[in-house]
């Protein structure tokens, strides 16, 4: 029985933690927010140099050739430090799609450039103010050319390439586009958490390349999203733990009525509830990490379980962290709002809480636990 | 990461399994709680004896007291396997989980040799006498008195919520020997013969209608000083050792869980459609599934640490808070799904399991540390928050303000 990371993986995690603390990742997040930039390019460059973008890329393509578990521990630290970089878009979504579905030739072309940072990718699915589904996608491909419009594409303006989820002759395709090709118009969109840019991508007869099986794109998209849910869960666990740590610290130092507010049961029970939520989320994420790394048939259920628990944990922790900080928590100056906003961003990227609950229950029905 | 036993654990599990298959039947369907039933008591004693004779009764205890000095992980493996079989459980937990360890730590060698083996064998049952009418969450507020009289102590007062007192042979007891000392200083700890003259046991009728708890009255009960555990005045320290063990023993709330709720929702009609199609039901099932599996996976993390010979983190402290509240919600859901008929008693075992969950859960949220006390413990011991300022700090016990009760 070993539901824990190995010593090597724990070492990698502690190195990542030291690195992001030393680089003042949270301060950088605030600065991206203040300056309305899309990412911190300097931090991103350093992350590329550390090799993190190639963690899962095989050594023959210049990557580190490691597994999903190594990616999980990095994700937890990126979440803890609110790293303002396009890691989730480029690594969990784009790179994983290429590794899983691209032809050998395409891999040979693209994967080394993802390692070197020459290519940054993202995945574009949403088109309107509602949840995307296989039946409401209107962006369409014909003769390999795509026409349509995607909105709320995370990191779309920094990315050099995208995977576009589009309507095909007999279903849905996943298609690769190069942002420097003809007919691509990208514009920045204003969003609630300005520390991670979201973009509109308009395509007018843009050339594209099929990734994976024709007309089978939605199933492939779902499979990539299930994998990504595990990694997002680790980011959410990291963020939850950071907000609990902040709240505990503040509750020990802030005095009211002649004593630290952390001695009041109203605060204690709130922080204990946060601890309970984090523990459930973390344990479910560990199990999902195992399911992901061992390619278990339990992955759809395990990923949804981790995703639901972690979304709930980060939402609870980030809002109650503001509450614990009182009026200070509502100011721009304190970091509480950075986590509150990131918790919302992470909970909506790759699909909302209610949609993941629905996915969990329909997967339980399919796997027929009784 | 993997979920495999190492070779030593696998062979241990195989031995457990083989013995269980020869001596018990696999569990099917809903478990019944027949704690107070006399036949059940005899069956529980017979099963404990069978285990004792074969060496499975108290795995982690030293050999001389009937154990095999097994590792923590082996104990968990045994309990995982035993829980798959239809065997009577729930009678010996307090004795073996709380009284045994405290005797092991504080009793004399002769006392250990005399009392521990029959406890492990199930021949003698033990109970725990801590709570009092005016001392619940604040156990240290207890009033029952012990007055020294030569080589004996004379005990007067009342205990309450004593599980199984009516069928117990011995008990562990904490009482106040000096009310002029500060609250935590004036207590002393004993073990007593429950058949001693002057002990009067009255069952408490619970909201479930059943009676697994008792009030226990002491009228000039004589206890020899040789049955004192720890020094005079060390009662609180000894009690804390016991309560720490209680937190390990009181864990998962047994009863209807997400599997039962899910199965029920698939089969129950909701205005012409299966209940599982109801959006709000689906949302609740998702929440309970996440909680149930969060606890299961937390347990696996604890086991992983034990398996590597490491000390587990404090994660397991969330178990009772989460599982007792989940039980209450699931019971409520099951009854709610029956509309007006949810109030009716019936022979349907599934409906019974929801009603039992709903009626039993309030007790579980209180027993062995209320939700509120457990949250204080997480806040203070795990998160390191300061204790609340206390109105009784440093005062002699007799000067501490009390209410009317």
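Things to note:
- Restricting the range B:74-110 to residues that are under 20 Å from the mean Cα position of the chain (by Cα) and over 22 Å from residue B:254 (Cβ atoms), the residue that is farthest from the other protein chains (Cβ to nearest Cβ) is B:103.
- Residues that are under 10 Å from residue B:72 (Cβ atoms) and surrounded by 13 or more Cβ atoms within 10 Å (Cβ to Cβ) within the range B:301-313 comprise B:302, B:303, B:305, B:306, B:307, B:312, listed in sequence order.
- Residue in the range B:210-222 that is part of a helix (DSSP H, G or I) and buried (at least 18 other Cβ atoms within 10 Å of the Cβ) present: no
- The residues on offer are B:74, B:64, and the sole one that is within 26 Å of residue B:191 (Cα to Cα) and touching a helix residue (DSSP H, G or I) at 6+ places or on another chain (Cβ under 8 Å) is B:64.
- Filter pass, residue B:353 being away from chain A (no Cβ under 13 Å), surrounded by fewer than 16 Cβ atoms within 10 Å (Cβ to Cβ) and either in a helix (DSSP H, G or I) or out of contact with any strand residue (DSSP E or B) (no Cβ under 9 Å at 6 or more places or on another chain) (or both): no
- Against the conditions (1) within 12 Å of chain B (Cβ to nearest Cβ); (2) assigned to a helix (DSSP H, G or I), residue A:338 satisfies every one except (1).
- Conditions (1) within 21 Å of residue A:76 (Cα to Cα); (2) in a helix (DSSP H, G or I); (3) in contact with a helix residue (DSSP H, G or I) (Cβ under 9 Å, 6 or more places away or on another chain): number failed by residue A:326: (1)
- The lone exception for residue B:384 - which of (1) within 14 Å of chain A (Cβ to nearest Cβ); (2) modelled with pLDDT under 90; (3) more than 18 Å from the chain's Cα centre (by Cα) it fails: (2)
- Residue B:303, sole failed condition from (1) within 8 Å of another protein chain (Cβ to nearest Cβ); (2) within 24 Å of residue B:378 (Cβ to Cβ); (3) without any contact (Cβ under 8 Å) to a residue 24 or more places away in the chain: (3)
- Count - residues of the range B:166-202 that are over 19 Å from residue B:400 (Cα atoms) and either in a loop (DSSP other than H, G, I, E, B) or modelled with pLDDT under 95 (or both): 9
- Only one of the listed residues (B:381, B:365) is touching a helix residue (DSSP H, G or I) at 6+ places or on another chain (Cβ under 9 Å), farther than 26 Å from residue B:268 by Cβ and exposed (fewer than 12 other Cβ atoms within 10 Å of the Cβ). That residue is B:381.
- Meets criteria (within 11 Å of chain A (Cβ to nearest Cβ) and surrounded by 19 or more Cβ atoms within 10 Å (Cβ to Cβ)) for residue B:280: no
- Search result, residues across the range A:149-177 that are assigned to a strand (DSSP E or B) and closer than 25 Å to residue A:194 by Cα: A:149, A:150, A:151, A:152, A:153, A:154, A:161, A:162, A:163, A:164, A:165
- Hey, residue A:333 closer than 22 Å to residue B:321 by Cα and more than 10 Å from chain B (Cβ to nearest Cβ) or not: no
Condition check ((1) at pLDDT 95 or above; (2) within 26 Å of the chain's Cα centre (by Cα); (3) more than 14 Å from chain A (Cβ to nearest Cβ); (4) not in a strand (DSSP E or B)) across all residues:
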site	(1), (2), (3), (4)
B:341	yes, no, yes, yes
B:362	yes, yes, yes, yes
B:366	no, yes, yes, yes
B:369	no, yes, no, yes
B:374	no, yes, no, yes
B:388	no, no, no, yes
B:398	no, no, yes, yes
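- Qualifying residues in the range A:245-269 (those that are more than 8 Å from chain B (Cβ to nearest Cβ) and in a helix (DSSP H, G or I)) - the one nearest to residue A:76 (Cα to Cα): A:245
Residue-by-condition table, conditions (1) within 14 Å of another protein chain (Cβ to nearest Cβ); (2) under 23 Å from residue A:272 (Cα atoms):
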{"residue": "B:261", "(1), (2)": "yes, no"}
{"residue": "B:264", "(1), (2)": "yes, no"}
{"residue": "B:270", "(1), (2)": "no, no"}
{"residue": "B:274", "(1), (2)": "yes, no"}
{"residue": "B:296", "(1), (2)": "yes, yes"}
{"residue": "B:313", "(1), (2)": "yes, yes"}
{"residue": "B:337", "(1), (2)": "no, no"}
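- Residue A:223 meets the stated requirement of being out of contact with any helix residue (DSSP H, G or I) (no Cβ under 6 Å at 6 or more places or on another chain) and assigned by TED's automatic domain parsing to the domain that holds residue A:307.
- The listed residues are A:296, A:354, and the only one of them that is within 13 Å of another protein chain (Cβ to nearest Cβ) and modelled with pLDDT of 95 or more turns out to be A:354.
- The residues on offer are A:19, A:5, A:61, and the sole one that is within 14 Å of another protein chain (Cβ to nearest Cβ) and crowded, with 17+ Cβ neighbours inside 10 Å is A:5.
- Flag for residue A:118 being more than 21 Å from residue A:166 (Cβ to Cβ), out of contact with any helix residue (DSSP H, G or I) (no Cβ under 7 Å at 6 or more places or on another chain) and part of a loop (DSSP other than H, G, I, E, B): yes
Residue-by-condition table, conditions (1) at pLDDT 95 or above; (2) surrounded by 22 or more Cβ atoms within 10 Å (Cβ to Cβ); (3) more than 14 Å from every other protein chain (Cβ to nearest Cβ); (4) farther than 19 Å from residue B:326 by Cβ:
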| position | (1), (2), (3), (4) |
| --- | --- |
| B:234 | yes, no, yes, yes |
| B:241 | no, no, yes, yes |
| B:247 | no, no, yes, no |
| B:284 | yes, no, no, no |
| B:289 | yes, yes, no, no |
| B:299 | no, no, no, no |
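- Any hit, the range B:328-338, residues being outside any helix (DSSP H, G or I) and at pLDDT below 95: no
- Taken together, A:85, A:125, A:91 contain a single residue that is farther than 13 Å from residue A:57 by Cα and assigned by TED's automatic domain parsing to the domain that holds residue A:15, which is A:85.
- Considering residues of the range A:270-293 that are within 19 Å of residue A:251 (Cβ to Cβ) and more than 7 Å from chain B (Cβ to nearest Cβ) only, the residue farthest from the chain's Cα centre (by Cα): A:270
- With a requirement of 2 or more residues that are assigned by TED's automatic domain parsing to the domain that holds residue B:197 and surrounded by fewer than 24 Cβ atoms within 10 Å (Cβ to Cβ), the strands (runs of 3 or more DSSP E) lying completely within the range B:124-165 that satisfy it span B:145-149, B:152-159.
The values are calculated or read from the model by the stated rules, or taken from the named source; none is laboratory data. Treat the numbers as computed from the prediction; the structure is a model and nothing was measured. Glycine also receives a Cβ, built like all others from the backbone with ideal geometry; neighbour counts cover every protein chain displayed.
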